[in-house]
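Structure first, commentary second.
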Amino acid sequence: MTLTIPGFDHVRLPGTDGVELAAAVGGSGSPVVLLHGFPQTHLMWRHVAERLADEHTVICPDLRGYGASDKPAATGPDVYAKRTMAADVVSLAAALGHERFALVGHDRGALVAFRAGLDHPETVTHLGILDIVPTLDMWNVLHGVSAAVGYHLFLMAQPPGLPEAMIAGSADAFFGSFLDAWANDPTAMPEDVRAEYLRASAAAVTSIVADYRASADIDVMHDQADLDAGSQLAMPVTVVQQDWGAQLGYDAAGVWKAWAPDLDHRLTRAGHFMAEEAPDEIAAAIQSLLAR
């Protein structure tokens, strides 16, 4: 049985190109869409979503290729392009009657949110980003031995076949290694939640790899085109991240300022899974963003 957010409705809604997304929906008020990261599902937002639901309609989908959402075959790089996944989110929100909404993403979901902010500025009113830099910048800041922290990015960028076979052959060990290594507070992820993430990820190896492979191909091209055109995020943006700039030797706030003129950049002491480790902090950051 798929775990979902207590007290929320679990629904299926149309994305694009016939793809359906599973989502948890709860609360009432102005809409906020929360997008999960890797290797997780919408369940990662359970604490933050409950905190926001008193004042907002909170929509937590599983991204295409993840969780209980459809997992279309990657017949081309555009199937899992962040542009396509962002269009899914816009379609899903519209199906619920929301033509404009705030959007917050973590990890992979943050890359989708970033692309949605650039492609749909008339739709995304506020943008929250947790623990990433944009795809183009991500590749640019990974240098030398420090790039080992992102070894999975390079593995899943390889041509189809070998990455999928390697990961599927040891799925629990592979996905579990990130849940262990990236958490500062392992107790924030109970055993049943961890088991759900591992189950869902093992069932989605091919589509998860396709998502990552797109970020070494078409997503880079889309980001570069926007950079060349001078495109920026038009809405208020809040970025919360670990101090990756100090660890990898770049100016994280500076990277984001180039994309987001109206920027609130925050560092956290929580680990990568900050929505679960520090839900009060993350909910407060989102509420502050929505007040701008």
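The values are calculated or read from the model by the stated rules, or taken from the named source; none is laboratory data. Predicted, not measured: the structure shown is a model, and the values here were computed from it. Heads up, the Cβs are rebuilt from the backbone with ideal geometry, glycines too, and the neighbour counts pull from every protein chain shown. Protein only, heavy atoms only, side chains kept; ligands, DNA and RNA dropped before computing areas. Shrake-Rupley method; radii C 1.70, N 1.55, O 1.52, S 1.80 Å.
Structure summary
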{"item": "Apportionment of accessible area to carbon and sulfur, the stretch 86-226, percent (1.4 Å)", "result": "62 percent"}
{"item": "Highest to lowest packing among 53-61, 39-47, 199-207, 225-233, scored as the average C-beta count within 10 Å", "result": "39-47, 53-61, 199-207, 225-233"}
{"item": "Sequence of L13, L34 when ordered by accessible area, the most exposed leading, probe 1.4 angstrom", "result": "L13, L34"}
{"item": "Accessible surface, 1.4 Å probe, highest first, among residues E196, E50, E277", "result": "E50, E277, E196"}
{"item": "K257, K82, reordered so the largest accessible area comes first (probe 1.4 Å)", "result": "K257, K82"}
{"item": "Cα-projected label distance for F154 with R100, points at 7 Å along beta-carbon direction, nm", "result": "4.5 nm"}
{"item": "Per-pair calculated FRET efficiency, R0 = 35 Å: S91 and E55 via Cβ, rounded to 0.05", "result": "0.90"}
{"item": "Surface share of carbon and sulfur [accessible, 1.4 angstrom probe, percent] for the stretch 23-67", "result": "43 percent"}
{"item": "Considering only the chain, percent of DSSP beta bridges that pair antiparallel, nearest 5", "result": "35 percent"}
{"item": "Cβ-Cβ FRET estimate between N184 and L162, R0 fixed at 35 Å, reported to 0.05", "result": "0.60"}
{"item": "Accessible-area value, M235, 1.4 Å probe, nucleic acids and ligands omitted, Å²", "result": "10 Å²"}
{"item": "Value at 222 nm in deg cm²/dmol, rounded to 500, when DSSP H runs of n ≥ 4 in the chain each add -39,500 (n - 2.57)", "result": "-12000 deg cm²/dmol"}
{"item": "Cα centroid separation, the stretch 1-49 to the stretch 245-259 (Å)", "result": "30 Å"}
{"item": "Relative contact order of the chain, defined on C-alpha pairs under 8 angstrom at six or more residues apart (%)", "result": "21 percent"}
{"item": "Overall form of the stretch 90-144 per C-alpha gyration tensor (a/c, 1.5; a/b vs b/c)", "result": "prolate"}
{"item": "Solvent-accessible area of Y151 with every protein chain in place, 1.4 Å probe, in Å² to the nearest 10", "result": "110 Å²"}
{"item": "Cα gyration tensor, the stretch 128-283 - rounded (a/c under 1.5), prolate or oblate", "result": "oblate"}
{"item": "Solvent exposure of the chain as accessible area per residue, Å², 1.4 Å probe", "result": "38 Å²"}
{"item": "Gap separating the Cα centres of the stretch 90-115 and the stretch 132-164, nearest whole Å", "result": "24 Å"}
{"item": "Computed over the stretch 48-166: relative contact order in percent, which uses C-alpha pairs under 8 Å that are six or more apart", "result": "16 percent"}
{"item": "Normalised contact order of the stretch 1-113, rounded percent, pairs of Cα under 8 Å and 6 or more residues apart", "result": "32 percent"}
